[in-house]
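Notes for the one structure printed next.
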Amino acid sequence: MADRIKLSFPDGSIREFDSGVTGKEVAANISEGLARMAVSISLDGEIRDLSRPIDRDAKIKIFTMRDPEGMATYWHSSAHLMAEALESLYPVVKFGIGPAIERGFYYDVDLGDRSLGPDDLVKIENRMAELAKRDVSYERREVSKEDAIAYFTEKQDEYKLELLEDLQDGTISFYSQGDFTDLCRGPHIPSTGSLKYTKLLNIAGAYWRGDQDRKQLTRLYGITYPKKKELDEYLEMLELAKQRDHRKLGKELELFTFSQKVGPGLPLWLPKGARLRDRLSEFLKQEQLKSGYEPVVTPHIARLELYKISGHYPYYSDSQFPPMMEDVEKDEGYLLKPMNCPHHTQIYDDRPRSYKELPIRYAEFGTVYRYEQSGELGGLTRVRGFTQDDAHIFCMPSQVKEEFKNVIALTLKVLSALSFTDFKAQISLRDPENTEKYIGDDALWNDAEQAIREAAAEMGLDATEEMGEAAFYGPKLDFMVKDALGREWQLGTVQLDYNLPERFDLTYIGDDNAKHRPVMIHRAPFGSLERFIGVLIEHCGGNFPAWLAPVQVQVLPVGQSFNDYAEQITKELLLSGLRVECDLRHEKVGYKIRSAEMQKVPYMLIVGEREMANHAVSVRRHGDGDLGGMSTTDFIALANREINEAIGAS
């Protein structure tokens, strides 16, 4: 009689199976529908093929294409199908890596001297469709390192041979489908038959292993779906994303620019963009003052010693600008600030602290510098100089829960004011099976993790928990926000830190008159202004809410004889605190209205003879059209009411 194993499911149920049962058979045992939809399984957290036998008691979860993990398996299998198509069309090809990404997949390939164009993409798509129709299985086999090296030596694929250098014998597997074999740990879908609808999206360059000194490979991006409707919907979303691209809208709305003379990844804020940025900063600064934060300012550089103590140098030196002025004052050098937290520890450590002072909350819109690879730069979302809405809270362990609740409340207010209503919270915890890689004792970690759980629950957050995702210095809470196009972004984050207080020997005197170590909380609702604004532009398509818009009102005289009155109205509105521009160009009013609409100005005030006679304005709302005539006093009240309601002002 076969040995029996017990499998526990996410709903808490436990079922017995014969040892050696496959994931596909487990799914079939539950329901035929699940068996048809199953893509892969998780066995004690390890995602595996459906075809692999299960020979031990384990926690199991079955993934379908409704699950992110299932789609990742589907798209990784698609990358292998594309590689097979490439090898059949271009026999000289050599392969780097081909992972699934958030939406779709890519493969980095070396095609020798050949470059690909749009016609090649169509050819590859067609070949993928032909290969998929064969409905052949993805077959896994374990291989020795010696055999793997021999295989890729014969193929003269130096990229796979380099990847093999980092792998241990006994941990190497190949996957084959049809005539194609690849080095891969998996998992994969059962067969190619469900890879029905393919679109190769674009071609890019990518340095092998991100090293600019290595050869640049060709990166092909693609997407696949089992149903044509799903592919069509995705391509429609991509088209909308192009229209909302923050780089395109940033240029059209005159928000920011870049200059090669200044340097890549270093944005220049134009007047309208600076107003937008300042208004966002002002909004959060006011909310922080209400919540007990104290503003601080720190320099853009510091001695290398500071970052050696914090641990940021040399361990993260690859992402930092090199040290400078090494001979000045016989010092070992200075570093452009890569983060604000080490500076804030020194403000805390300026004098002895008492438990009666805690919590202490320092907030700074501090500009930091990271040396991102040039190929990874992208508009505002990946830059080399950016401003973080950074705050650091120094508190006692007993205050962690309340501080987390306060930060959650502040983050929720920020998201609400900007119409980010679709989000989820993720609590990142340490790996309980590998606690030695984390700093801080077990009791502190257990109390902190429970405090974060309780804070999230008491604030009404339906938070998921991810084991092993905590930083080595403490657990954290992240806000994963979906934009108007359904794309997910990590915007707000709250991180607990036992590391920096230890490294900088930060203390406070407790009620027992002894020294104690404070807990440090890192907090940034925006993350960085640059990235946040880039996401926000695409989320609202450049249609900023009236409270945030760089220009809230544009005054449009219908003719030159009404310019003086238009300027008078403009001054009244400016004195009321609104951000106003007056269009005095010698153009027809219809042209001025279209121009203001294209600039997405929330309110347009048309003034002519009737308005001047009644000291009134004719109001148009962007996207809503004519709101009728009213006095300037009534309009100011209307605009301020909308602004105050949006940001929760009393």
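The values are calculated or read from the model by the stated rules, or taken from the named source; none is laboratory data. Here the structure is a predicted model, which means the values were calculated and not measured. Neighbour counts are summed over all protein chains in view; Cβ atoms, including those assigned to glycine, are modelled from backbone coordinates with ideal geometry. Note: accessible area is taken over every heavy atom of the protein model, side chains too, but ligands, DNA and RNA are not part of it. Shrake-Rupley method; radii C 1.70, N 1.55, O 1.52, S 1.80 Å.
Being within 30 Å of L217 (Cβ to Cβ), in contact with a helix residue (DSSP H, G or I) (Cβ under 8 Å, 6 or more places away or on another chain) and open to solvent by less than 70 Å² (accessible area, probe 1.4 Å) is a description that applies to L81.
A count restricted to segment 29-44 and to residues that are over 18 Å from R15 (Cα atoms), out of contact with any Ser or Thr (no Cβ under 8 Å at 6 or more places or on another chain) and open to solvent by 40 Å² or more (accessible area, probe 1.4 Å) stands at 1. All told, P550 meets the bar of being assigned to a loop (DSSP other than H, G, I, E, B), within 21 Å of A646 (Cα to Cα) and in contact with a Gly (Cβ under 9 Å, 6 or more places away or on another chain). Here F105 clears all of (1) touching a helix residue (DSSP H, G or I) at 6+ places or on another chain (Cβ under 6 Å); (2) without any contact (Cβ under 8 Å) to a residue 24 or more places away in the chain except the condition numbered (2).
Would segment 568-584 turn up any residue that is at pLDDT 95 or above, farther than 21 Å from K251 by Cβ, among the β-branched types (V, I, T) and under 41 Å from the mean Cα position of the chain (by Cα)? Yes - at least one qualifying residue is present in segment 568-584.
Determine if segment 59-68 includes at least one residue that is modelled with pLDDT of 95 or more and either touching a Pro at 6+ places or on another chain (Cβ under 9 Å) or not small (G, A, S) (or both). Within segment 59-68, none of the residues are modelled with pLDDT of 95 or more and either touching a Pro at 6+ places or on another chain (Cβ under 9 Å) or not small (G, A, S) (or both).
Comparison of E254, E287, E282 shows that the only residue that is in contact with a Gly (Cβ under 8 Å, 6 or more places away or on another chain) and either more than 23 Å from A79 (Cα to Cα) or not acidic (D, E) (or both) is E254. Among the residues of segment 278-295, the one identified as buried (at least 18 other Cβ atoms within 10 Å of the Cβ) and at pLDDT 95 or above is Y293.
When E469, E465 are checked against the criterion of being touching a strand residue (DSSP E or B) at 6+ places or on another chain (Cβ under 6 Å), within 28 Å of F526 (Cβ to Cβ), open to solvent by 70 Å² or more (accessible area, probe 1.4 Å) and in a loop (DSSP other than H, G, I, E, B), E469 stands alone in meeting it.
Conditions first: (1) modelled with pLDDT under 95; (2) surrounded by fewer than 16 Cβ atoms within 10 Å (Cβ to Cβ). A639 passes all but one, so which condition is the exception? Checking A639 against (1) modelled with pLDDT under 95; (2) surrounded by fewer than 16 Cβ atoms within 10 Å (Cβ to Cβ), the one that fails is (2). Here the strands (runs of 3 or more DSSP E) wholly within segment 31-101 that include at least 1 residues being of a type in the set (D, E, K, R) are 46-49, 58-64. If you check A596, A546, A514 for being closer than 30 Å to N499 by Cβ, aliphatic (A, V, I, L, M) and either surrounded by fewer than 24 Cβ atoms within 10 Å (Cβ to Cβ) or out of contact with any Lys or Arg (no Cβ under 6 Å at 6 or more places or on another chain) (or both), only one passes: A514. Of the residues making up segment 124-140, just one is open to solvent by 90 Å² or more (accessible area, probe 1.4 Å) and assigned to a strand (DSSP E or B), namely E139. Screening segment 387-408 for residues that are open to solvent by 20 Å² or more (accessible area, probe 1.4 Å) and outside any helix (DSSP H, G or I) and picking the one that is farthest from R219 (Cα to Cα) gives M396. Given the condition touching a Gly at 6+ places or on another chain (Cβ under 6 Å) and part of a helix (DSSP H, G or I), answer yes or no: does some residue in segment 528-539 qualify? Yes, segment 528-539 contains a residue that is touching a Gly at 6+ places or on another chain (Cβ under 6 Å) and part of a helix (DSSP H, G or I).
The set of residues from segment 216-231 being loosely packed, with under 12 Cβ neighbours inside 10 Å and in contact (Cβ under 8 Å) with a residue 24 or more places away in the chain comprises just one member, K228. Being open to solvent by less than 30 Å² (accessible area, probe 1.4 Å), touching a Ser or Thr at 6+ places or on another chain (Cβ under 6 Å) and either farther than 30 Å from A470 by Cβ or of a type in the set (S, T, N, Q) (or both) is the requirement here; does V555 meet it? Yes, satisfied.
The sole residue among T171, T153 that is at negative phi and in a helix (DSSP H, G or I) is T153. For G265, the criteria (1) open to solvent by less than 60 Å² (accessible area, probe 1.4 Å); (2) without any contact (Cβ under 8 Å) to a residue 40 or more places away in the chain hold in every case but one, which is (2).
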